[in-house]
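First the structure, in the form of structure tokens, and then the observations on it.
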Amino acid sequence: MKKIMYRFVDVWKVDFLTKFFAGEHRNTCTTISFWVLSNVVIVFVLSVQMFVFLYASKSVVIDGVQNAIGDGATITFLDGQMTTENIDDPFFREIKTTNANGQSVTSVVIIDMHADTYDLDALDEYAGGVIALHDRMYIKDGNDITQMLYTNVRNFSLSKEQVLAYIDRYYAVPFVLLATVIVGVVLLLTMMIGRTIAALWWALMLYMIGLIMNVRMAYDIAFKSVLNLYFVPMSVVVLLGIINIQIPLLTTVIFIAMFVANLIWLKRHVEPEKADTSDVVVTKTQEEAEEAVATSPEKM
């Protein structure tokens with residue numbers, strides 16, 4: 001476990017591949033463990049950000065309910081039908097919020113008991129929204145629209161005052177916490193699958209850059225190297241994203257910079273005969289060999 005924890009620091013150093021090629025690449029278990037744990041760390045940071053964002057929006061949600069719905073407003077579900085009291089019919093409210101990326105999004109809530117004013121087309125221009133009719137409800141989330149019939153809804157009545165009390169009491173736990181956990185688990189699985197596929201490409205890039213720099217390595221060693229190094233660009237991109245800074249091709253720039261810097265260090269500090277194994281072969285040009293001799297401790 002200690003070796004895995006040290007790796008969170010080692011991957012930031014320009015001599016990481018030098019040490020990794022020297023023998024650490026044979027410990028596949030450590031690489032896989034670090035890959036999983038590093039993804040968990042990244043998702044944990046994103047989940048904390050999401051929890052803080054959702055929890056901070058509690059006052060916005062309460063103010064939205066207060067301003068959008070009149071006092072005494074009540075919705076009742078009885079035998080598969082919905083009725084309203086003290087609510088405009090039709091009822092139309094736009095809700096403007098800011099998502100986790102700092103972008104402004106607009107959603108809409110529509111209640112039309114007679115279904116003669118609004119239809120599904122009313123949701124087209126919004127990022128999300130709800131249209132409630134007397135016998136069904138349409139819910140839009142992104143590009144997906146779901147229909148929910150009231151036939152499976154048990155009989156109950158809900159007033160504005162009950163909604164505000166429920167938000168005040170249960171918003172943080174369990175709603176925000178549960179939402180954060182569910183999104184976190186889905187994000188972790190998605191990230192691990194997506195990053196693993198992407199690592200195949202970055203391993204090929206490392207392999208090709210190695211050939212250009214006269215460092216020949218087996219492709220599986222390049223792949224294991226990338227699984228470790230991936231933590232660096234992931235961390236930078238996520239941390240910049242938290243403060244709403246997005247730089248195009250940042251991941252590409254970081255990967256190429258790491259590959260080149262590590263391979264330069266490798267060629268300067270490893271003798272070809274010591275690096276010549278079945279996995280990694282370092283070849284130095286005559287100029288590089290003369291430079292290495294000139295800067296060696298014995299010549300100083």
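Only the coordinates and a few stated rules stand behind these numbers; no lab work does. All values reported here derive from a predicted model rather than from experimental measurement. Cβ sites come from the backbone with ideal geometry, for glycine too, and all protein chains shown count toward neighbours.
Please name which of LEU17, ILE139, PRO90 has its Cα lying farthest along the dipole of the chain towards the positive end, using unit charges on Cβ (Lys, Arg +1; Asp, Glu -1) and the Cα centre as origin.
Of the options given, the answer is LEU17.
For region 71-85, take each phi angle, set θ = phi - 60°, evaluate the Karplus expression 6.51 cos²θ - 1.76 cosθ + 1.60, and give the result in whole Hz per residue in order, putting x for glycine and proline.
Those phi angles translate into 5, x, 5, 9, 10, 10, 10, 9, 6, x, 10, 10, 10, 10, 9 Hz.
Can you tell me the FRET efficiency between THR151 and SER104 if r is taken as the Cβ-Cβ distance and R0 is 41 Å, rounded to the nearest 0.05?
0.65
Using 0.36 nm per residue of separation minus the Cα-Cα distance, give me the extension gain between ASN67 and ASP79 in nm, one decimal.
Between ASN67 and ASP79, full extension yields an extra 1.3 nm.
How much length would be gained if the chain were fully extended between ASP88 and VAL173, taking 0.36 nm per residue of separation minus their Cα-Cα distance, in nm to one decimal?
27.4 nm
Using a 7 Å offset from the Cα along the Cα-to-Cβ direction at both MET192 and PHE44, what is the distance between the two label points in nm, to one decimal?
Taking the simple label geometry, MET192 and PHE44 are separated by 1.5 nm.
How far apart, in nm, are two points set 7 Å out from the Cα along the Cα-to-Cβ line at GLN162 and at TYR6?
That separation, rounded to one decimal, is 6.1 nm.
For GLN81, which sequence-distant residues (separation of 5 or more, or a different chain) have an amide H within less than 5 Å of its own amide H, given hydrogens modelled in the peptide plane?
Amide H to amide H, under 5 Å and 5 or more residues apart or across chains, GLN81 pairs with nothing.
Would you mind putting 244-251, 10-17, 63-70 in packing order, based on average other-beta-carbon counts within 10 Å, highest first?
Packing order, densest peptide first, comes out as 10-17, 63-70, 244-251.
Out of these labelled values of semi-axes √(5λ) of the Cα gyration tensor in Å, (i) 36, 20, 19; (ii) 36, 23, 15; (iii) 59, 18, 17, which was calculated from the coordinates shown here?
Computing semi-axes √(5λ) of the Cα gyration tensor in Å and matching it to (i) 36, 20, 19; (ii) 36, 23, 15; (iii) 59, 18, 17 gives (iii).
Treat each spin label as a single point 7 Å out from the Cα along the C-beta direction, and report the LYS19 to ILE139 distance in nm.
Output for this residue pair reads 4.9 nm.
Charges at C-beta only: +1 for Lys and Arg, -1 for Asp and Glu. How large is the resulting dipole of region 1-113 about its Cα centre, in Debye rounded to 20?
For this selection, approximately 1320 debye.
Hey, got the dipole for the chain? About the Cα centre, +1 on K and R Cβ, -1 on D and E Cβ, debye to the nearest 20?
Roughly 1540 debye for the chain.
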